[in-house]
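This report concerns only the one structure given below.
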Amino acid sequence: MGDLGVLILNARKQRGLSRRQVARAAGISEEYLRRIETMGKVPNDDVVIKLAEVLGIDMQRAVLMAHRDRAPEAAKAFFPVFRKPITRMRDLVSVPVVAYVDALEPFKVDLNAPAIDEIPLSLETLPGKVALSHLYAVRVKGNSMLPLFRDGDDLVAQPASMGTIREADVVIFRDVEGNCWIKIVEFQGDEVIFRSLSQLRRPSAAGSTRPSSWTR
């Protein structure tokens, strides 16, 4: 049973709904829902979003779980969990917000330009061996990245922590001209695909280079 199946099963039981009621509301068969809940079947993003709506589950969490469940076994142990910055009363660093971003337009990262804003970030949220002076954030503008990211979400880039590419990592992808895009990573055999977040419900398109920095 995958993480998504457990989430859906628990949410359904907490709401006192039958499998038939949820399946009908989501537009799928009762047998298909049973396979999702108990056999690790991972539906496409459209079905995940519909189930999240029916059961009142956070869409961002549900879609990320679905992408994790689709990941190769070797990648799952290292799967990143997206967390918004956690504000605490101590051990905080100030991270500059350097650009507004959406999934449809390229953006530039200029760490020498004045920051748009600053956000507090707890040191406890950072992985090891990250140079604090290299941290920066970008702010989501509009709804082109739904359901993963919403208008106003801050994505913290960690350029000093780039390592092995993993399934469903959300990354800042930089081309040779310095244009940047928010992408999601997929594997197709030995090929790495960098997919636009505006196309989560459409076929993916191949990218050409590795990302320059990571967001979590």
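The values are calculated or read from the model by the stated rules, or taken from the named source; none is laboratory data. The shown structure was predicted, so the numbers you read here are calculated from the model rather than taken from an experiment. When we count neighbours, we look across all protein chains shown, and the Cβ atoms used for this are built from the backbone with ideal geometry, even at glycine.
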Practice problem: Within region 21-51, count every residue that is without any contact (Cβ under 8 Å) to a residue 12 or more places away in the chain and either under 20 Å from the mean Cα position of the chain (by Cα) or under 13 Å from H67 (Cα atoms) (or both). | Solution: 0
Practice problem: State whether the residues of region 143-151 include one that is of a type outside the set (D, E), at pLDDT 85 or above and not in a loop (DSSP other than H, G, I, E, B). | Solution: no
Exercise. Report the residue count in region 112-139 for those that are polar (S, T, N, Q) and either touching a Leu at 6+ places or on another chain (Cβ under 8 Å) or at pLDDT 70 or above (or both).
Key: 2
Exercise. Go through R61, R88, R15 for me and flag whichever is of a type outside the set (A, V, I, L, M, F, W, C), at pLDDT below 85 and farther than 25 Å from Q188 by Cα.
Key: R88
Exercise. Output the number of the condition that V81 fails; it satisfies all remaining conditions of (1) modelled with pLDDT under 85; (2) under 25 Å from A52 (Cβ atoms); (3) surrounded by 13 or more Cβ atoms within 10 Å (Cβ to Cβ).
Key: (3)
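The rows are residues; the columns are (1) under 20 Å from Y100 (Cα atoms); (2) modelled with pLDDT under 80; (3) within 12 Å of the chain's Cα centre (by Cα); (4) crowded, with 21+ Cβ neighbours inside 10 Å.
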{"residue": "P159", "(1), (2), (3), (4)": "yes, yes, no, no"}
{"residue": "I165", "(1), (2), (3), (4)": "no, yes, no, no"}
{"residue": "V176", "(1), (2), (3), (4)": "no, yes, no, no"}
{"residue": "N179", "(1), (2), (3), (4)": "yes, no, no, no"}
{"residue": "I184", "(1), (2), (3), (4)": "yes, no, yes, yes"}
{"residue": "Q188", "(1), (2), (3), (4)": "no, yes, no, no"}
{"residue": "I193", "(1), (2), (3), (4)": "no, yes, no, no"}
{"residue": "S196", "(1), (2), (3), (4)": "yes, no, yes, no"}
{"residue": "Q199", "(1), (2), (3), (4)": "yes, yes, no, no"}
